[in-house]
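A short worksheet on the structure shown next.
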There are 4 protein chains.
Amino acid sequence: MTEAVRAALRVQRVELPSWAFGNSGTRFKVFAQRGVPRTPFEKVQDAAQVHRYTGVAPTVALHIPWDRVDDYTHLAGFAKEHGVGLGTINANVFQDDDYMLGSVTNPDPAVRRKAIDHLLECVDIAAQVGVRDVKLWFSDGTNYPGQDSIRVRQDRLAQALRETYARLNPDQRLLLEYKLFEPAFYTTDVPDWGTAYAHCLRLGEKAQVVIDTGHHAPGTNIEFIVAFLLREQKLGAFDFNSRFYADDDLMVGSADPFQLFRIMHEIVSADALKSGAGIAFMLDQCHNIEPKIPAQIRSVMNVQEATAKALLVDHDALAEAQRAGDVLGANAVFMDAYNTDVRPLLADVRREMGLDPDPVAAYQRSGYGDKIVAERVGGQQAGWGA
Amino acid sequence: MTEAVRAALRVQRVELPSWAFGNSGTRFKVFAQRGVPRTPFEKVQDAAQVHRYTGVAPTVALHIPWDRVDDYTHLAGFAKEHGVGLGTINANVFQDDDYMLGSVTNPDPAVRRKAIDHLLECVDIAAQVGVRDVKLWFSDGTNYPGQDSIRVRQDRLAQALRETYARLNPDQRLLLEYKLFEPAFYTTDVPDWGTAYAHCLRLGEKAQVVIDTGHHAPGTNIEFIVAFLLREQKLGAFDFNSRFYADDDLMVGSADPFQLFRIMHEIVSADALKSGAGIAFMLDQCHNIEPKIPAQIRSVMNVQEATAKALLVDHDALAEAQRAGDVLGANAVFMDAYNTDVRPLLADVRREMGLDPDPVAAYQRSGYGDKIVAERVGGQQAGWGA
Amino acid sequence: MTEAVRAALRVQRVELPSWAFGNSGTRFKVFAQRGVPRTPFEKVQDAAQVHRYTGVAPTVALHIPWDRVDDYTHLAGFAKEHGVGLGTINANVFQDDDYMLGSVTNPDPAVRRKAIDHLLECVDIAAQVGVRDVKLWFSDGTNYPGQDSIRVRQDRLAQALRETYARLNPDQRLLLEYKLFEPAFYTTDVPDWGTAYAHCLRLGEKAQVVIDTGHHAPGTNIEFIVAFLLREQKLGAFDFNSRFYADDDLMVGSADPFQLFRIMHEIVSADALKSGAGIAFMLDQCHNIEPKIPAQIRSVMNVQEATAKALLVDHDALAEAQRAGDVLGANAVFMDAYNTDVRPLLADVRREMGLDPDPVAAYQRSGYGDKIVAERVGGQQAGWGA
Amino acid sequence: MTEAVRAALRVQRVELPSWAFGNSGTRFKVFAQRGVPRTPFEKVQDAAQVHRYTGVAPTVALHIPWDRVDDYTHLAGFAKEHGVGLGTINANVFQDDDYMLGSVTNPDPAVRRKAIDHLLECVDIAAQVGVRDVKLWFSDGTNYPGQDSIRVRQDRLAQALRETYARLNPDQRLLLEYKLFEPAFYTTDVPDWGTAYAHCLRLGEKAQVVIDTGHHAPGTNIEFIVAFLLREQKLGAFDFNSRFYADDDLMVGSADPFQLFRIMHEIVSADALKSGAGIAFMLDQCHNIEPKIPAQIRSVMNVQEATAKALLVDHDALAEAQRAGDVLGANAVFMDAYNTDVRPLLADVRREMGLDPDPVAAYQRSGYGDKIVAERVGGQQAGWGA
């Protein structure tokens, strides 16, 4: 069994978000950190560091327009030179003043047109650099009861999705993300997995749901949603992060590592870990107070640790106890895997991959952190919202 | 406008739950009240009182086996004599010892068979008395991670639903209810509207989703779900009640009357109030510490008041403000209706219907409450769970 | 009774926050509005408009350093000329880069010193302009388990509070606000009323707790806290706003008007509405997408409406039903007041005060909104965070 | 370090609840299990089994009147013969019909008198058998706004507590438990730690707060409360259990083992693990669907595992990283302890104590489970609520 586990861990892939390397914060304050990238190219360089030490994070997701460049092919080439590739294209229709009352669901048809055009642009960018996935998240919603018609906004949303979906080439996918609230505080137009699922179902096979682990109401059982969408073949991707309260965007696995294990158990149980299964595992985090690169390394490692534990579950013993209605026995099999310290196993896997067994220490020793602090002086630091 | 509002209020219908007239409580204690019914017949008599004074509650939902009788045609006739009719048949597969680990999703196929047979029995009972709706709520789920396979339980659930759906006659409907948690504390097999929706979609047009207003995670926007399911033509019924925390089953409109107004606004906006729209409006409450009959009367009145306010929304002015992006203006139109005191209007409507304008006072004067306390001595009181 | 109600409404006072007139938003985007003030003086002018049309909002709370001026006496004189006065001084120790890991609880003693010095400055400013209340809210906390010692941070907090309290003159008060989370996402150093209460208790009589209605965990019964702190004589002030999810900072009364009524009922029941009772009623809101001045007017009116309903509760009938254990009767007395349309009563009260019965319409007719859009061109708009 | 850890683990103590061995369930159904005790004596026998295999659970808490016997000295002697002793006396004032509207806060003074008399009886029972702690939990509250006066109920509560406190002998303590909701659904008279703390403060040093880990609002940071009450010297005891949603009463550590570790970290950091520190660590769980004795054994082991991890935290390294503001470093030190597999260490500790390293397996082999199924036939099974 161990060799199969090692093999699975070697081929696991986690995608990094370009925006995690820029400054981020809350509405109260964005704290600037030294050495933060000023261009999409510098973000790619930082992401490449994460891959260099973990070996399993070879792609960088972009956010348009935050990562807008004149020549995406050039950016892709730059990434390749640094040992990584471009990943999912994330559309952003929430930062123009026009979008105050919504983007694709705005009451004003001109604003809706502008927003849809941006979505189409994202599909084209993705096509240009050969990227499969375009991810859509809409901040659209309302703040006050009566402000707009819930139903009419759904009609507008459906229209925008149809038009975007029609632009996809045969190899592309549309990933639709849902979120309970924020920045809208009364209604959100895609608030839950059911809404995303229903829209994706009407669009067709190339439309898939994204689960952001921080986008649910308190008490929501996320692994249930994972299992359900897998069964329906409608799970397209994860945005991994952690939360204690709302969409806190902390490092994945830092708030509730047991939950992350339960999520990965559903993935492993459905044999959906391998890349052919079509699930994109992405990080989507904000490192407001901690240094960004080591935080991303730590996050990748947290995903690996949860995965390793999930791979160690004795599925035969589990199924046997489940069939027998042995509540304590089944739970014990499950917890036995969770309680295992998988760090030695992962250190071995890293050695097999020619990596340092301790990625954080290796990065710290490299001097890269000091180097960017020294070199990246002047210019406009990239921010989560910029 | 007023006459249309009055007309709509005169034809509005609310279904009463037989079990609300029996004793109920929490896991800590069921407090017995005097005069509580001991048979389904006495429950029907009590329900008839609610209709007598409100004029809009002419049907009584049954819970099988709580309301099992030898001859349902006889019970239907008894109801008719008392001025009411039988309503939705509610299946109950959670009170046999066999169901400890689930009913239709139990690991044991024999238990699943037993549970499905009960569902089929309910379809047959409904057919026998000419009732359209069979409502299914499953307490099925697990308490501990690993206890059972989330996905396999979905397979079992789908199988049970298919078999039950196949038993429906052309005029019948299967109503599927969802609930976040309780009595299961880790996973619930139908935890949210998305799950119920997806199953109903596969079953076909006669399968519809039930929204119980107390069955959501904190922060869930229920009126969004109402609007969404109406747009998808998949909303079949409401179980009305109130909650401050979990599934508290308090009187509808008592915890958040503004929310009830917002829900009824979506109903009115979609022209789904009229009986032809196919939405069943039912109460599902537990009157643990208050007398049952006046509590049901008060609940029906709360639904009426929220509906009257929703009917008073100036839809033209609202749409105009919404189109203009006038956030405060649209909200003001909406709140103007909510802030109206509709009790005089409803008193008028009742007078037009030949009723006392104050149903609670009329009931209190009738002496019925004292009469049942005096007469219903001995025997086994009906309980929510029995 | 009515005349007493009118009298109470005439003397009710609501304090306005200077920052509500500036731009605000979420971490995703701050949408700029035209005509927004660029200086503390312009904020005072806008606030004076709200008082002009409502007659019950004669003071403006300041936020230091957002409203820092060279000469506070001059600002106070300017306010007086515009018919209003300066109110509570709000300390702000969350927007310097130094405060990334906390202010008064920061691990670094130099940062703590800087933060405490700012608190002392706020006390001095308040003393200088004769303001009674200094309000403290700390964004301090941690994002990750283990990041800092919960207990040691309490020691540091206690020290800062002691030093600040010692600076108060005999007529001043220290108001301590609590908040569940945001911007800290794991621990917050003053997360709940119990923590604020315990610290205030040790400080002495001049330290009082502030309840911000948006700062609680889901399901928290705020009116219970109001009643409890009133009984303990430790309730000093309210920050009023509304929330559906987290600290949404919507207009007070817009999300759950029934809750606001219940809160005001506790105030009225304890005879704490009158200014001599020592409770400061303040707004603390962000008008992210709606125009600021009419939103403040609407908010003041919402507080008035909830108060009027609370004043209409028949306390004798309520107490009688409560004593008798008449659950439905007591609730009916309570709801009777809530269901009353108090807008005509408030229109009368405004006429008696020489005001337009419809403050929003009067403001809209005044042309002030257009005037500031035309005049306030150039310069740096004030923002919630600036 | 390891020997100190082992020593701490050897002397750690966990108290068992007699009621966990009886049947329990939800308002929907109590599923009966075979072999369940029928008397307090049989409950003590079962509890003795848990101690036999874990070695750290030598006392059994009683619930009066569930565990009422004619002669408590006799019961204490019986326990001693079985290798255990009697523990905390839990008062129960929620299961008489008189308590429908409350016990010590009931509007009816006669009911309040009855309830207080029961509390005094519990103090006397505890004194009689030499037990230090009397634990009070009140189900008191209201279901509907207006039903009763929040403030007046606090006055009644304070009076009951004063009278009970006065009855304590110098060696006794009054432990006051709080709970967010259930069975009351609108207000609860002791809903949060702040309320319990404030009452205990007024009572005096012998009054201490109990933290039940399942009694909080969603998102509440329990370890903060632990740290705060320890700092205030007002933490008296824990009721351990797990929850995903509300007061689910699952096995401690089964829903969020990382949270349990964080709680135990605060205990260890304050050197409050040792019995002299005055913190009683109790289980309070309902094993609705799993066998009771092995579930209790597993629960004790879960507490031990979380404790062992907390004992392994490198406090020097942690403090150093915290002082340096090294967010990732401090978190890494913390997680290093959590990620350690402490099961081998605990197996060693058990061997040192002369116990089987695998308590569950040892119990299963003992045949005790089969024996009680065979012997305990007839009679009335004990239930959580009986």
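The values are calculated or read from the model by the stated rules, or taken from the named source; none is laboratory data. Keep in mind it's a predicted model, so treat the numbers as computed, not measured. For neighbour counting, all protein chains shown are included, and Cβ atoms are generated from backbone atoms with ideal geometry for every residue, glycine included. All accessible areas refer to the heavy atoms of the entire protein, side chains included, with ligands and DNA or RNA removed. Shrake-Rupley method; radii C 1.70, N 1.55, O 1.52, S 1.80 Å.
Looking across the stretch A:41-78, the residues that are within 16 Å of A:A126 (Cβ to Cβ), in a loop (DSSP other than H, G, I, E, B) and not acidic (D, E) come down to A:P65, A:W66, A:R68, A:V69. Among the residues examined, D:A57 qualifies as surrounded by 19 or more Cβ atoms within 10 Å (Cβ to Cβ) and more than 30 Å from D:Y144 (Cβ to Cβ). Would you confirm whether or not the stretch D:192-199 contains a residue that is free of Cβ contacts under 8 Å to residues at least 40 places away in the same chain and of a type in the set (S, T, N, Q)? Yes, some residue in the stretch D:192-199 is free of Cβ contacts under 8 Å to residues at least 40 places away in the same chain and of a type in the set (S, T, N, Q).
When residues in the stretch D:81-95 are screened for being part of a strand (DSSP E or B) and buried (at least 24 other Cβ atoms within 10 Å of the Cβ), 6 of them pass.
Evaluated against (1) open to solvent by 30 Å² or more (accessible area, probe 1.4 Å); (2) in contact with a Pro (Cβ under 8 Å, 6 or more places away or on another chain); (3) not aliphatic (A, V, I, L, M), A:D356 falls short on exactly one condition, (2).
Per-residue answers, yes or no, for (1) in contact with a helix residue (DSSP H, G or I) (Cβ under 7 Å, 6 or more places away or on another chain); (2) charged (D, E, K, R); (3) under 24 Å from B:K274 (Cα atoms):
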site	(1), (2), (3)
B:Q45	no, no, no
B:A48	no, no, yes
B:T54	yes, no, yes
B:V60	yes, no, yes
B:P65	no, no, no
B:V69	yes, no, no
B:A79	yes, no, yes
B:H82	yes, no, no
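Given the criteria surrounded by fewer than 24 Cβ atoms within 10 Å (Cβ to Cβ), more than 7 Å from chain C (Cβ to nearest Cβ) and not in a loop (DSSP other than H, G, I, E, B), does D:L175 qualify? In short, no.
Against the conditions (1) open to solvent by 20 Å² or more (accessible area, probe 1.4 Å); (2) farther than 30 Å from B:L9 by Cβ, B:I64 satisfies every one except (1). Considering (1) open to solvent by 50 Å² or more (accessible area, probe 1.4 Å); (2) within 14 Å of another protein chain (Cβ to nearest Cβ); (3) within 19 Å of the chain's Cα centre (by Cα); (4) at pLDDT 95 or above, the lone condition that B:R13 does not fulfil carries the number (2). For D:D249, the criteria (1) buried (at least 24 other Cβ atoms within 10 Å of the Cβ); (2) touching a Gly at 6+ places or on another chain (Cβ under 7 Å); (3) away from chain C (no Cβ under 12 Å); (4) on the phi < 0 side of the Ramachandran plot hold in every case but one, which is (4). Once the stretch A:211-245 is narrowed to residues that are within 19 Å of B:T220 (Cα to Cα) and in a strand (DSSP E or B), the residue that is farthest from the chain's Cα centre (by Cα) is A:I211.
In summary, A:G141 fulfils each of the numbered conditions (1) touching a Leu at 6+ places or on another chain (Cβ under 6 Å); (2) within 14 Å of chain B (Cβ to nearest Cβ) with the single exception of condition (1). Quick one: would you say C:T105 is part of a loop (DSSP other than H, G, I, E, B), within 14 Å of chain D (Cβ to nearest Cβ) and of a type in the set (S, T, Y)? The answer is yes for C:T105.
Of all residues in the stretch A:183-203, those that are in a loop (DSSP other than H, G, I, E, B) and either away from chain B (no Cβ under 11 Å) or of a type in the set (A, V, I, L, M, F, W, C) (or both) total 4. Among the residues of the stretch D:17-40, those that are within 28 Å of B:S24 (Cβ to Cβ) and part of a loop (DSSP other than H, G, I, E, B) comprise D:G22, D:S24, D:T26, D:R27, D:F28, D:K29, D:F31, D:A32, D:Q33, D:V36, D:R38.
Close Cβ contacts (under 7 Å, 6 or more residues apart or on different chains) running from residues in the stretch A:333-344 that are without any contact (Cβ under 8 Å) to a residue 40 or more places away in the chain to residues that are open to solvent by 30 Å² or more (accessible area, probe 1.4 Å) and small (G, A, S) comprise A:V333/A:A317. Would you be able to say whether some residue in the stretch B:303-315 is open to solvent by 10 Å² or more (accessible area, probe 1.4 Å), of a type in the set (A, V, I, L, M, F, W, C) and touching a strand residue (DSSP E or B) at 6+ places or on another chain (Cβ under 9 Å)? The answer is no; no qualifying residue exists. Can you confirm whether C:S275 is away from chain D (no Cβ under 12 Å), surrounded by 24 or more Cβ atoms within 10 Å (Cβ to Cβ), under 25 Å from the mean Cα position of the chain (by Cα) and in contact (Cβ under 8 Å) with a residue 24 or more places away in the chain? Judged against the criteria, C:S275 is not a match.
Scanning the stretch C:200-223 for residues that are at positive phi and in contact (Cβ under 8 Å) with a residue 24 or more places away in the chain yields a single hit, C:G204.
Checked against the criterion of being over 25 Å from C:F334 (Cβ atoms) and within 14 Å of chain A (Cβ to nearest Cβ), the stretch B:256-267 has at least one qualifying residue. Taken together, the residues in the stretch B:323-375 that are within 14 Å of another protein chain (Cβ to nearest Cβ), part of a helix (DSSP H, G or I) and of a type outside the set (G, A, S) amount to 17. Among the residues of the stretch D:300-317, the one identified as touching a Gly at 6+ places or on another chain (Cβ under 9 Å) and either part of a loop (DSSP other than H, G, I, E, B) or facing chain C (nearest Cβ under 10 Å) (or both) is D:V313. Residue count for the stretch D:124-146 under the criterion of being farther than 13 Å from D:P191 by Cα, in a loop (DSSP other than H, G, I, E, B), open to solvent by less than 10 Å² (accessible area, probe 1.4 Å) and in contact with a Lys or Arg (Cβ under 8 Å, 6 or more places away or on another chain): the result is 1. Checking every residue in the stretch C:322-343 against the condition of being open to solvent by 20 Å² or more (accessible area, probe 1.4 Å), farther than 28 Å from B:S299 by Cα and out of contact with any strand residue (DSSP E or B) (no Cβ under 6 Å at 6 or more places or on another chain) gives zero matches. Given the criteria more than 9 Å from every other protein chain (Cβ to nearest Cβ) and either part of a loop (DSSP other than H, G, I, E, B) or among the charged types (D, E, K, R) (or both), does C:E320 qualify? In short, yes. Once the stretch B:147-172 is narrowed to residues that are in a helix (DSSP H, G or I), touching an Asp or Glu at 6+ places or on another chain (Cβ under 8 Å) and more than 10 Å from chain A (Cβ to nearest Cβ), the residue that is most open to solvent (accessible area, probe 1.4 Å) is B:R167.
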